[in-house]
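A quick write-up on the structure given underneath.
The values are calculated or read from the model by the stated rules, or taken from the named source; none is laboratory data. This one's a predicted model, so the numbers in the text were calculated from it and none came from an experiment. Every residue, glycine as well, gets a Cβ built from its backbone with ideal geometry; the counts of neighbours run over all protein chains shown.
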Amino acid sequence: MSSATAAPVSFEQRYTLPVIETVDDTAEEIRRKQERVRALCAERNAILLAHHYQRPEVQEVADAVADSLKLSQSAAKTNADVIVFCGVHFMAETASILCPDKVVLLPDLRAGCSLAAAVTPEELRQWKEKLPEAVVVSYINTSAAVKAESDYCCTSANAAKVVSAIPADRTILFLPDKFLASVVARQTGRSNIVAYPGYCHVHKTIRPEQVEELIENHPDIELLLHPECGCVSSCMAKAMDGTLPQDRTFFLSTEGMLRHIGDSQANEFAVGTELGILHQLHKKFPERTFHPVNSNAVCAFMKTITLDRVIRSLETMTPQVRVPEEIARKARRAIDRMLELA
Ligand code: 13P
Ligand code: SF4
């Protein structure tokens, strides 16, 4: 794998991190707000989709809680008139691309993504000009306009599968996550992947020394790492040389982690991803023990969505996310190719 030239500008200058609001509702207030959400969903014929990183009370009121791949599949096949996307902007855009006739609500427009902000369509066009024969594979964490410039879309659940479907002699421009790119290069054995230098500001802080400390204190633990983590290259190398247990080190999407735990005999897991996933893990596997690799890994973008904002969004039918038809048409090709492979 090789890297694109140096990062165009500091990625951190491209977004504003929202302040995380503390919600101190009582259990009774949460229950009443959830009832209101369900009543509004029925009135509007709306489906509520939530990502694993959402606040627990939002996950609990959702029709489906899943990773970005499963959520886009749910959006693609729903009969609802309205999709309330409790996730971030690129996810709502993907739903709008797949369901152009439906209203897609994103309850707070501040719900962006540092990774999606790392590459603009103009930067991708310039990159493509330098390597015009290459195939472009964009992670789902990109804007619709970037997807429109791409040949394939992928998620963390199917990136290796998508890359494997591309003829081995083709150069692949993989964007925007450099850590996911290194996992895909290792999993597919492809040396002709050129990686864009982007990263997620949350997963980047999940570091090799935190992993080592957990393994030292819990020798039988299984290590579940999201491929966006800053520690993946080091962990892959250490799993190869035996410093980390190779048979207990896994690189998985959020949904992949849940599936893996269901199939595993282990009792203790180190979880390297955003902390919101712990809600589903504790709920589905109450008898198992989970240790976050980094207990500060919180995505402020995801936490902008509160029950109050979901209610307001359904009441006012705003803010809506709609992708312009020309961009949607081009982006849909890349997403459809991915969904066909999935
Ligand atoms: P998943 O596709 O695993 O849900 O990840 C999405 C994401 O934003 C990770 O930061
Ligand atoms: Fe984007 Fe990172 Fe938040 Fe995922 S955790 S939505 S990649 S900023």
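In this structure, is T142 of a type in the set (S, T, N, Q) and crowded, with 23+ Cβ neighbours inside 10 Å? So T142 passes the test. Look through segment 129-143, keep the residues that are within 16 Å of ligand 1 (Cβ to nearest atom) and out of contact with any strand residue (DSSP E or B) (no Cβ under 6 Å at 6 or more places or on another chain), and return whichever of them is nearest to V202 (Cα to Cα). Residue satisfying both the conditions and the ranking: N141. Residues in segment 157-178 that are of a type in the set (V, I, T) and assigned to a loop (DSSP other than H, G, I, E, B): 2 in all.
If we keep just the residues of segment 212-236 that are more than 16 Å from ligand 2 (Cβ to nearest atom) and under 24 Å from the mean Cα position of the chain (by Cα), which is nearest to G276 (Cα to Cα)? Of everything passing the filter in segment 212-236, L223 is nearest to G276 (Cα to Cα).
Filtered by the rule that a residue be within 14 Å of ligand 2 (Cβ to nearest atom) and in contact (Cβ under 8 Å) with a residue 40 or more places away in the chain, segment 276-292 gives G276, I277. Name every residue in segment 293-312 that is away from ligand 1 (no atom under 16 Å from the Cβ) and within 21 Å of I30 (Cα to Cα), in order of residue number. Scanning segment 293-312 gives T306, L307, D308, R309, V310, I311, R312. If you filter segment 298-324 down to residues that are out of contact with any strand residue (DSSP E or B) (no Cβ under 9 Å at 6 or more places or on another chain) and under 14 Å from H51 (Cα atoms), you find that the one that is surrounded by the fewest Cβ atoms within 10 Å (Cβ to Cβ) is V298. Being hydrophobic (A, V, I, L, M, F, W, C) and within 16 Å of ligand 2 (Cβ to nearest atom) holds for only one residue in V202, V135, V162, and it is V202. Counting only residues that are touching a Lys or Arg at 6+ places or on another chain (Cβ under 6 Å) and either more than 20 Å from R55 (Cβ to Cβ) or at pLDDT below 95 (or both), segment 90-143 holds 5 of them. Only one of the numbered conditions (1) over 21 Å from V65 (Cα atoms); (2) over 21 Å from the mean Cα position of the chain (by Cα); (3) not polar (S, T, N, Q) is violated by D263, and that is (1).
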